[in-house]
Structures are given as C-alpha cells and as structure tokens.
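A short write-up of the structure that comes next.
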2 protein chains.
Amino acid sequence: MALSKKPVTGMKDILPEEMQIRDYVIGVIKETYGKFGFTSIETPCMENISNLTNKQGGDNEKLIFKVLKRGEKLNVADATCEEDVVDFGMRYDLTVPLVRYYSNNSANLPSPFKALQMGSVWRADRPQRGRYRQFTQCDIDILGEPSNLAEIELILATTTTLGRLGFKGFEIRINDRQILKAMAAYSGFPEESYDSVFITLDKMDKIGLEGVEAELLEKGFAKDSVEKYLALYKNLEAQENGVAYLADTLKDVLEPSVAQGLQEIIDSVSATKSSDFKMVFDATLVRGMSYYTGTIFEIAIPEFGGSCGGGGRYDKMVGKFTGQDVPACGFSIGFERIILLLMESGFKVPGKPKKVAYLIEKGVGGEKLCSVIAQAQAARSDGTQVLVARMNKNKKFQKEQLTKEGYEEFVEFYKD
Amino acid sequence: MALSKKPVTGMKDILPEEMQIRDYVIGVIKETYGKFGFTSIETPCMENISNLTNKQGGDNEKLIFKVLKRGEKLNVADATCEEDVVDFGMRYDLTVPLVRYYSNNSANLPSPFKALQMGSVWRADRPQRGRYRQFTQCDIDILGEPSNLAEIELILATTTTLGRLGFKGFEIRINDRQILKAMAAYSGFPEESYDSVFITLDKMDKIGLEGVEAELLEKGFAKDSVEKYLALYKNLEAQENGVAYLADTLKDVLEPSVAQGLQEIIDSVSATKSSDFKMVFDATLVRGMSYYTGTIFEIAIPEFGGSCGGGGRYDKMVGKFTGQDVPACGFSIGFERIILLLMESGFKVPGKPKKVAYLIEKGVGGEKLCSVIAQAQAARSDGTQVLVARMNKNKKFQKEQLTKEGYEEFVEFYKD
C-alpha cells in the first residue's frame with residue numbers, strides 16, 4: 001500500500017540539528033523561569049469544543065482543528081452540521097487551557113500561582129513559509145496577584161531568559177489599555193467605537209501619523225476628535241517622560257494609579273534588570289486580543305522585524321469559568337521565532353560533550369565485541385558521547401555523514 | 001456562558017508536583033540517551049489518516065482520535081461515512097511517525113540513525129483508573145543497523161537510564177520471533193495458525209503450562225503438536241542455558257545465527273552493563289505487535305506487576321513506505337508507568353535549588369520595591385529560587401501553601 005511520506009499539510013518534521021537547539025532553549029527557559037518561582041504545568045492538547053468557541057480567542061476560533069466524536073455518539077449519515085459530529089478541539093493557544101486548569105485545580109494551587117507552560121498549539125492557518133499549523137508556545141502567567149509585582153516579575157523573568165540565550169539590545173514596549181481608552185475618551189471618540197480606533201492606531205508603525213489620521217477620517221470619525229487624538233501622539237514624541245505627560249494631560253479621564261503603576265514597572269525593571277535591553281513606554285501599542293484589561297507589553301528584537309512575544313493583564317477571564325474574577329497577567333515568548341533567529345545566526349549549543357564514533361567491522365563479535373562496548377561504556381561514564389556502530393561498506397561516506405552530525409573523532413575496530 | 005472546568009473525558013491536567021518529576025525524568029532520559037549517540041527528533045502529532053489505518057497498528061487503529069476536514073473540503077450534510085469528513089488522525093504511537101519521518105528525511109540522516117522521541121500519543125480507550133487517553137511515550141530506535149549491535153545499544157542505553165532513575169533489581173526479558181516460530185514449526189503446528197498459538201502462549205504467566213495446554217487443545221490443535229510444544233517448555237525450565245538447548249533441539253528448523261546472535265546480546269550486555277539488572281532469556285515472551293521480525297524484549301520491574309516497556313526488531317516496516325526494507329530496532333520505555341512508580345515511592349527530585357519566598361506588604365512601592373527586587377535578582381543569580389509576591393491578608397495560610405510547594409524560607413518586607 002502506498003503510504004504518504006510527507007507530514008500532513010502545513011506541519012513539519014523537526015530534524016536533529018534544530019531539535020538540539022530546541023532542547024537547549026527549553027532547558028534554559030525551564031531553569032531561568034524556575035529561579036523566579038514559576039512551576040511547570042501541562043494540560044491536554046484537546047479541550048471541549050465549547051471552551052474553545054466562547055469568543056475569547058478572536059480570529060483563532062476560526063482556525064480550530066476539530067476532533068470527531070467516537071463510537072455511538074457519532075452518526076455521520078444523519079448529521080447536518082459540524083456540531084453534530086464534533087465534541088473536542090485542538091487548543092489554539094495556552095491561555096484558555098490555563099484558565100480552565102486554574103479553575104479546575106485552584107484549591108491545590110498556591111496564591112499567587114506562577115505557571116510556566118510549554119506546549120504545542122494548532123491553528124488551521126493558510127500554510128505559508130516559516131509558519132506552521134502546529135507550533136510551540138511558551139507562556140508564563142501569574143494568577144492571583146493584583147499588583148504590578150506580576151508585571152515586574154514577568155518582564156524580569158522573560159528578559160533574563162532572553163539574555164541567557166544571547167539576545168541583547170532589544171526593547172520591551174509597554175502600554176496600558178486604560179491609557180489607550182483614556183486617550184480615546186479625551187479625544188471625544190464614542191466608547192463603542194474604541195476598538196475600531198485602536199485597529200487603525202495599531203497600524204502606526206506601518207502607515208505613520210498621517211496614515212492613521214487619513215484612515216480615521218475615512219472611517220467617518222469627527223474631525224475634532226481625530227485632530228485632538230493625533231495631537232496627543234505628536235506631543236508625546238517631544239516628551240522625555242510620556243507617562244508623566246499623559247498622566248497630567250488625561251487627568252480628568254484616567255485614574256492616577258494607572259500611570260503611577262506603569263511608571264513603577266518601568267522604573268523597577270530598569271533598575272534591577274540583569275540583561276541588556278530597554279523599557280520603552282509606547283502609547284501606540286494595542287495588541288489584538290480583546291481579553292486584556294490593563295497593562296500590555298511586547299518584545300521587539302532588532303534582528304527580527306516585528307514582535308517576538310508579548311502579553312498583558314487579563315483580570316476578567318477566570319471569572320468566565322468560575323463566576324469569580326481572579327487577577328491574572330501573562331507573557332508569551334515567541335518560541336518558534338526565537339528558534340528561527342538562533343538557527344539563522346548559526347547558534348551552537350554550548351557545553352555539548354565530546355562526540356566520538358566507534359566503528360566496528362562486520363564480524364567482530366564475542367569477547368572482542370564485549371571489550372569494545374566496555375570501552376564505550378567507560379568513556380560514556382566519563383562524559384563523552386559515544387556512538388557504537390557497524391562500519392558501513394562505504395566507510396568514507398559514513399564518516400562524512402557522522403562528521404556533519406558533529407562527530408570529531410573516529411575509532412575503528414577490526415576482526416584481528 | 002457556563003464553561004466546563006474539567007479536562008476532556010479521559011485526559012488529565014498535570015499538577016506542579018508531578019511536572020517536576022516528569023521534567024527531571026525527561027532530562028535524565030535526554031542526557032543519558034544522548035551519551036549513546038541518540039538524537040532527539042519530533043514529528044507532528046497528526047498524521048494523514050491513511051498512514052494510521054494501514055494495519056500496522058493492530059487494535060490501536062480502532063482507537064484513533066480523528067480530525068475533521070476543514071473549509072471547502074468539508075460537507076457534513078452530504079457525508080455518509082467517516083471517510084467523507086476526516087483527513088487527519090492523532091498518532092496512537094511513535095513508531096508509524098518515525099518510519100514516515102525516516103522515509104521522508106533519510107537523505108539528511110546518518111546511517112545508522114539513532115533516534116530519540118518523547119511525545120504525546122492519543123488513544124480513545126475506555127477511560128479507567130491510571131490510564132489516560134493522552135499519554136507520553138518515550139521511544140529509541142536504530143535504523144540502518146542490521147547486526148545485533150542495535151539491540152545491545154538499545155538495551156544498554158535503556159537500562160543505564162533506568163539505573164540513573166534509581167531502579168534496580170529489574171529484568172530485561174528477551175526472545176526472538178524466529179525462535180518462537182521455530183518452536184511452533186518443530187511441534188508441527190501449521191504455519192497459518194502460529195499467531196493463534198502465540199496468543200495462547202502469551203498467557204503462560206497467568207494460566208501456567210496446564211492452562212496453555214488446555215487452551216491449545218480447546219482451539220482444536222493436534223494433541224501430538226500440543227504435547228511436543230509443551231515438552232519443549234517443560235524441558236527449558238531445567239536448562240541452565242535455554243538458548244543453547246533450543247539451538248541444539250531446533251537445529252533443523254532454526255538458523256544457527258539466530259540463537260548465536262541472541263546469546264551474544266545476552267553475554268555482551270551482561271558483561272558491560274552499568275546498572276543493577278539481569279538479562280533473562282524468556283521463550284514465552286511474545287509481544288503483540290505483528291510488525292516484529294526478530295528479537296523482542298521487555299522490561300520487568302518487580303515493584304510493578306507486568307511490563308514497564310519493551311521493543312524489538314522490525315526490519316520490514318520502512319519498506320511499507322519506501323518499497324525498500326531498512327533494518328530497524330526499537331525500545332519504548334513505559335514513561336507514564338515510571339512516573340507513577342516514582343510518584344508512589346515519594347521520589348524527590350535531586351539537586352533542586354533552595355526555595356525562598358519574599359512576601360511584600362501591600363503598598364510597598366517605589367525605591368523600596370526596587371531594592372527588594374534587586375535583592376531577589378542577586379539571590380537568583382547566586383542560584384537560589386526566589387518567589388516575589390504580595391503578602392496576602394491571610395499570611396499564615398499563604399505561608400502554609402508555599403511550604404507545601406517546597407518553600408523553606410520566608411523574608412517579609414513592610415512599608416516602614
């Protein structure tokens with residue numbers, strides 16, 4: 001029977017070279033976040049389909065891989081729609097599963113609960129270069145911490161991790177959805193159109209101030225509002241301290257504690273950081289997900305155009321499961337992008353053991369074989385990586401391949 | 001909207017305590033197998049449904065979680081059967097994906113290729129205590145190695161790993177399907193009924209020699225054959241070296257190289273092993289999967305009734321994908337069983353850093369907060385795990401919970 005050799009459309013096999021880097025990065029992440037008191041957790045890759053289609057996931061909900069019912073529950077012939085044949089779905093992110101996990105297990109979890117999740121997620125996106133339908137996400141979240149200590153810890157832990165992976169000169173851009181809203185309110189946009197305003201604002205880095213102005217006018221917003229809004233952004237450019245400027249300008253529509261809390265995050269992270277990066281207040285930062293309720297932040301790595309991870313506060317989501325809100329804040333590293341950057345930069349995993357290949361002629365057996373294997377075992381317990389293999393007919397080609405795999409030394413064993 | 005807090009039926013959330021042990025075991029496995037030259041690989045969790053339903057998977061093929069087609073390819077209303085609505089399936093083991101991976105990538109892989117896979121698999125089994133529908137498998141496989149060097153390396157690597165995890169006094173039971181067949185041939189069973197004979201033989205540890213005899217007779221096999229067969233097993237019990245006895249007795253129906261190769265595995269592993277276990281020839285060992293073509297083996301850990309992993313040679317499977325056979329041999333550790341054994345024995349992960357919790361009174365901010373965080377950062381870079389958290393109203397309860405999480409020391413910071 002002809003079987004297909006290729007992975008399913010849009011997903012990929014991971015070759016040994018990439019896996020070495022992935023394993024190394026996973027190790028650094030687990031160790032570094034561990035030092036900050038984050039504990040690893042895991043949830044099933046499938047969720048009840050109703051949990052995945054509750055409007056928290058935005059456009060991702062259109063991309064769910066759905067799982068067919070089984071046994072007596074399934075009746076394809078009589079089914080008229082998807083709901084009839086589906087009960088589970090593959091998770092499209094790690095946030096919904098985390099919130100369900102917390103709701104299910106909170107009695108056995110400490111407060112605050114600091115969780116580290118690394119796992120695959122699935123999205124049936126149109127396949128394109130460098131984007132896959134199964135990919136790894138790496139999320140840290142703090143549940144039960146209402147103060148900005150959560151943001152400070154999340155940002156310090158993530159930037160320490162990035163520093164240990166060799167990244168420097170990057171930026172953490174930060175904003176607060178309450179500042180976004182206050183700026184819109186101050187300018188006189190009607191509250192129900194904030195989301196539309198923010199969608200346009202989000203394009204600032206691509207289309208500039210003029211582009212944003214043009215699009216807002218085109219959307220039919222009042223000229224006064226658009227001008228007042230744009231003036232805020234123009235004035236911001238000249239400010240040394242944008243947060244202080246907005247705190248003062250927006251004082252009628254913004255709780256003072258919001259700007260103060262944000263400034264405290266910027267100051268304390270800047271004062272205690274252990275890697276080379278800059279905290280930047282960015283009043284144009286929007287981030288798409290509708291579940292954010294407060295701070296939002298993003299990693300910008302110069303080598304990589306665009307965001308390389310981000311997060312924010314989502315204080316209202318646990319309540320959707322339990323009826324009782326729990327303060328929550330999370331940060332997701334762009335794991336696949338980091339791997340890509342490391343691969344492209346020719347990154348070599350540090351501290352790998354010496355690699356030696358023992359090639360044994362066909363026919364070597366009995367006591368001679370025992371002594372070769374004993375020698376390999378001794379070298380392994382001394383820390384060397386030893387491959388024991390039969391010598392191929394084409395020994396030269398075999399050695400070439402092994403050299404590509406990083407084997408530096410060859411020892412050959414013959415019958416006599 | 002009411003969302004369900006529970007994981008999907010038959011799958012589970014993994015709590016921090018178990019995750020710590022899982023992460024530790026995964027680390028030991030990757031490091032130890034690495035020393036033997038195994039390289040990590042990964043394949044997508046989904047495969048094309050035709051690859052999963054090709055009769056290689058035995059009963060597991062009845063337990064596949066199937067994935068719904070998407071977009072225009074899906075038409076539920078007009079569908080009459082599963083095939084109409086399904087294109088992918090969740091993998092039920094790591095062997096089929098490995099063979100597909102090897103077929104797809106062999107041009108870029110060394111020969112022999114030594115692969116380590118750790119990943120989730122899914123089986124829609126009837127839910128029962130301690131068995132889950134998503135679980136982790138851990139497989140090592142050597143492709144392209146025709147000699148028994150493959151078996152020797154697989155068994156040494158696996159037993160070294162088990163030793164490092166603290167297991168001792170266990171057994172590796174080994175047999176060869178060619179010996180099984182030769183014993184059946186010698187006894188005069190017709191070739192087409194071997195599988196039926198082996199299914200009965202497989203119950204030896206439960207129903208004993210008499211039980212096997214009774215069942216074979218009940219199945220209608222010739223009395224002569226059954227007696228001859230049982231006599232072989234009775235005689236084996238008295239033998240010091242069962243392999244030598246069978247090599248001699250079965251010499252008309254068994255290639256001498258089979259027994260010789262098996263004995264060489266037993267001898268060389270016994271002579272070079274680095275952990276406390278015994279190699280045992282077990283002529284009653286059958287192992288279910290039909291794809292095995294040569295040696296078969298199994299781990300028996302006394303604390304755990306039944307097998308805790310196993311494997312064997314499957315030289316004909318790559319050919320199913322490529323048309324060209326490639327020698328292959330694999331060993332799968334019962335990862336979930338090992339975790340269960342460690343959890344039940346109260347296993348503590350060694351070498352964990354000291355855990356200290358900094359509890360900060362509400363209202364501590366500004367410079368004071370900076371100095372606390374700077375202190376935490378310094379302790380972290382000295383290797384301590386530091387949790388920085390706001391002090392809860394019920395400080396006593398908070399500390400109790402953190403003590404349960406392993407925090408040994410508390411430092412409290414107040415406003416003045």
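The values are calculated or read from the model by the stated rules, or taken from the named source; none is laboratory data. Because the structure is a prediction, the values reported are computed rather than measured. Glycine gets a Cβ as well: all are built from the backbone with ideal geometry, and neighbour counts include every protein chain shown. Ligands, DNA and RNA are stripped out before the accessible areas are found, and what is left, the full protein with its side chains, is counted by its heavy atoms. Shrake-Rupley method; radii C 1.70, N 1.55, O 1.52, S 1.80 Å.
So the values come out like this:
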| item | result |
| --- | --- |
| Candidate set: the range A:290-320, residues that are touching a helix residue (DSSP H, G or I) at 6+ places or on another chain (Cβ under 9 Å) and surrounded by fewer than 19 Cβ atoms within 10 Å (Cβ to Cβ); chosen: the one nearest to residue A:135 (Cα to Cα) | A:307 |
| Top-ranked residue of the range A:1-19 - restricted to ones that are within 7 Å of chain B (Cβ to nearest Cβ) and assigned to a helix (DSSP H, G or I), ranked as surrounded by the most Cβ atoms within 10 Å (Cβ to Cβ) | A:16 |
| Residues (at negative phi and of a type in the set (Gly, Ala, Ser)) located in the range B:120-140 | B:120, B:124 |
| Hey, residue A:192 open to solvent by 10 Å² or more (accessible area, probe 1.4 Å) and charged (D, E, K, R) or not | yes |
| Residue within the range A:344-354 that is buried (at least 18 other Cβ atoms within 10 Å of the Cβ) and touching a residue at least 12 places away in the same chain (Cβ under 8 Å) present | no |
| From B:184, B:247, residue being hydrophobic (A, V, I, L, M, F, W, C), open to solvent by 10 Å² or more (accessible area, probe 1.4 Å) and over 30 Å from residue B:111 (Cβ atoms) | B:247 |
| In the range B:54-72, residue modelled with the lowest pLDDT [restricted to those that are more than 10 Å from chain A (Cβ to nearest Cβ) and in contact with a helix residue (DSSP H, G or I) (Cβ under 9 Å, 6 or more places away or on another chain)] | B:57 |
| Candidates A:22, A:100 - the one that is of a type in the set (Lys, Arg), within 9 Å of chain B (Cβ to nearest Cβ) and under 19 Å from residue A:133 (Cβ atoms) | A:22 |
| Selection status of residue A:416, under 26 Å from residue B:271 (Cβ atoms) and either out of contact with any strand residue (DSSP E or B) (no Cβ under 8 Å at 6 or more places or on another chain) or hydroxyl-bearing (Ser, Thr, Tyr) (or both) | yes |
| Test: residue in the range B:94-109 that is over 28 Å from residue B:290 (Cα atoms), among the polar types (S, T, N, Q) and surrounded by fewer than 17 Cβ atoms within 10 Å (Cβ to Cβ) | yes |
| Output for the range B:357-382, where each listed residue is open to solvent by less than 30 Å² (accessible area, probe 1.4 Å) and not β-branched (Val, Ile, Thr) | B:357, B:358, B:359, B:365, B:369, B:370, B:376, B:377, B:379, B:380 |
| Scan of the range A:25-53 for residues that are more than 30 Å from residue B:410 (Cα to Cα), within 9 Å of chain B (Cβ to nearest Cβ) and modelled with pLDDT of 95 or more, ordered by number | A:43, A:44, A:45, A:46, A:47, A:48 |
| Test: residue B:67 is of a type in the set (Val, Ile, Thr) and part of a strand (DSSP E or B) | yes |
| Selected residue (only one of B:173, B:126 is modelled with pLDDT under 95 and more than 26 Å from residue A:405 (Cα to Cα)) | B:126 |
| Those helices (runs of 4 or more DSSP H) lying entirely in the range B:309-416 with at least 2 residues modelled with pLDDT of 95 or more, closer than 30 Å to residue B:142 by Cβ and within 11 Å of chain A (Cβ to nearest Cβ) | none |
| The lone exception for residue B:412 - which of (1) touching a residue at least 40 places away in the same chain (Cβ under 8 Å); (2) out of contact with any Leu (no Cβ under 7 Å at 6 or more places or on another chain); (3) surrounded by fewer than 20 Cβ atoms within 10 Å (Cβ to Cβ); (4) not hydroxyl-bearing (Ser, Thr, Tyr) it fails | (2) |
| Complete set of residues in the range B:254-287 that are open to solvent by 70 Å² or more (accessible area, probe 1.4 Å) and outside any helix (DSSP H, G or I) | B:255, B:273, B:274, B:276, B:278 |
| Hey, residue A:206 surrounded by fewer than 13 Cβ atoms within 10 Å (Cβ to Cβ) and free of Cβ contacts under 8 Å to residues at least 24 places away in the same chain or not | yes |
| Residues within the range B:24-60 that are of a type in the set (Asp, Glu), in contact (Cβ under 8 Å) with a residue 12 or more places away in the chain and either open to solvent by 30 Å² or more (accessible area, probe 1.4 Å) or assigned to a loop (DSSP other than H, G, I, E, B) (or both), tallied | 1 |
| Tally of residues being open to solvent by less than 10 Å² (accessible area, probe 1.4 Å) and touching a helix residue (DSSP H, G or I) at 6+ places or on another chain (Cβ under 6 Å) across the range B:116-136 | 1 |
| Filter result for residue B:237 (assigned to a helix (DSSP H, G or I) and open to solvent by 20 Å² or more (accessible area, probe 1.4 Å)) | yes |
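Quick grid of which residues meet (1) β-branched (Val, Ile, Thr); (2) more than 9 Å from every other protein chain (Cβ to nearest Cβ); (3) free of Cβ contacts under 8 Å to residues at least 40 places away in the same chain; (4) open to solvent by 30 Å² or more (accessible area, probe 1.4 Å):
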{"residue": "B:76", "(1), (2), (3), (4)": "yes, no, yes, no"}
{"residue": "B:81", "(1), (2), (3), (4)": "no, no, yes, yes"}
{"residue": "B:88", "(1), (2), (3), (4)": "no, no, no, no"}
{"residue": "B:91", "(1), (2), (3), (4)": "no, yes, no, no"}
{"residue": "B:112", "(1), (2), (3), (4)": "no, no, yes, no"}
{"residue": "B:142", "(1), (2), (3), (4)": "yes, no, no, no"}
